[in-house]
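The values are calculated or read from the model by the stated rules, or taken from the named source; none is laboratory data. What you are looking at is a predicted structure, and each value in this text was computed from that prediction instead of being measured. Neighbour counts run over all protein chains shown; Cβ positions are idealised from the backbone, glycine included. Protein only, heavy atoms only, side chains kept; ligands, DNA and RNA dropped before computing areas. Shrake-Rupley method; radii C 1.70, N 1.55, O 1.52, S 1.80 Å.
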Amino acid sequence: MNFARDSLVGMALVLHRLAGSGRPVSALAAEYDRFRVVKLQRHCPAEQGRTIVARAREAWPGSPST
């Protein structure tokens with residue numbers, strides 16, 4: 001959890017589901033598949049990053065870019 005908007009939306013959805021079902025969190029959690037987040041970090045030289053971004057822009061012309 002963090003203080004970003006996304007975590008607050010997630011918490012609100014869980015609370016809404018709890019209120020609507022009248023069941024405990026453990027019963028709701030049992031309905032979902034278990035998974036874990038794996039974060040990998042790879043070194044990407046700046047030039048390679050620019051090449052990837054250029055290819056993405058070519059592949060999706062007209063898409064908003066930040």
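Heavy atoms only, probe 1.4 Å: what % of the accessible area of the chain goes to carbon and sulfur, would you let me know?
60
Per residue, how much accessible surface does the chain expose to a 1.4 Å probe? Answer in Å², no decimals.
Ligands and nucleic acids excluded, the result is 102 Å² per residue.
Mind putting a number on the dipole of the chain about its Cα centre? Charges go on the C-beta only, +1 for Lys and Arg and -1 for Asp and Glu, and I need it in Debye to the nearest 20.
With Lys and Arg at +1 and Asp and Glu at -1, about 120 debye.
Restricting things to Cα coordinates, could you compute the convex hull volume per residue of the chain in Å³?
184
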